[in-house]
Amino acid sequence: SARSRKSHSFRNRKSVTSSKPAVPSSVSVWQFEMRAILIDPETKNISEITLKRPNESLQEFYDLIGTNTVEIVKIDKEIDMVIDEEGRLKPIKGAFRFVGITDLWIAGKAIIIGEQNSSFVSLQENLSSFQMIVEWIATKN
């Protein structure tokens, strides 16, 4: 499965390029619109967004992030971060990291969304929680 996870490590990344549904057909997708957070280091903005049907297609992630290949990074037990898999290979317009984690930085936009049983769910954490832990990184481009 393109959405399977083997670990809850922050460094556990899963590349996803398939246009197939994000979850197996055996998984019941009971929730369509989901609350998420968009981190945009180019504008230095962190905002709440609503995703329409993220378990049916990754297209909305591609459109919001501005890519056609995403990585899904587990950042907590029930929280995923969706980023541009090739973000560091492109001209970097903005980057960020989480306070206290200096060896990992993200180039480009990221979407934070909840996760349960290998399916996306609405994020429960407050916007202010992420506003407090995101640190913008100066870029040379």
### Query
Being closer than 19 Å to V134 by Cβ and open to solvent by 20 Å² or more (accessible area, probe 1.4 Å), is that true of even one residue in segment 54-63?
no
### Task
Being touching a Gly at 6+ places or on another chain (Cβ under 9 Å) and small (G, A, S) is the filter here, so list the residues in segment 46-82 that pass it.
G66
### Task
Could you tell me whether N68 is loosely packed, with under 13 Cβ neighbours inside 10 Å and either modelled with pLDDT of 90 or more or of a type in the set (D, E) (or both)?
no
### Task
Considering every residue within segment 2-24, establish whether at least one is modelled with pLDDT of 90 or more, aliphatic (A, V, I, L, M) and crowded, with 20+ Cβ neighbours inside 10 Å.
no
### Query
Within segment 95-109, how many residues are open to solvent by less than 70 Å² (accessible area, probe 1.4 Å), of a type outside the set (A, V, I, L, M) and in a loop (DSSP other than H, G, I, E, B)?
2
#### Entry: So I92, is it part of a loop (DSSP other than H, G, I, E, B), open to solvent by 40 Å² or more (accessible area, probe 1.4 Å) and either in contact with a helix residue (DSSP H, G or I) (Cβ under 6 Å, 6 or more places away or on another chain) or of a type in the set (A, V, I, L, M) (or both)
no
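The values are calculated or read from the model by the stated rules, or taken from the named source; none is laboratory data. Bear in mind that the values here come from a model prediction, so they are computed numbers and not experimental data. Backbone-built Cβ (ideal geometry, glycine too); neighbour counts: all protein chains shown. Side chains included, ligands, DNA and RNA excluded: accessible areas come from the protein's heavy atoms. Shrake-Rupley method; radii C 1.70, N 1.55, O 1.52, S 1.80 Å.
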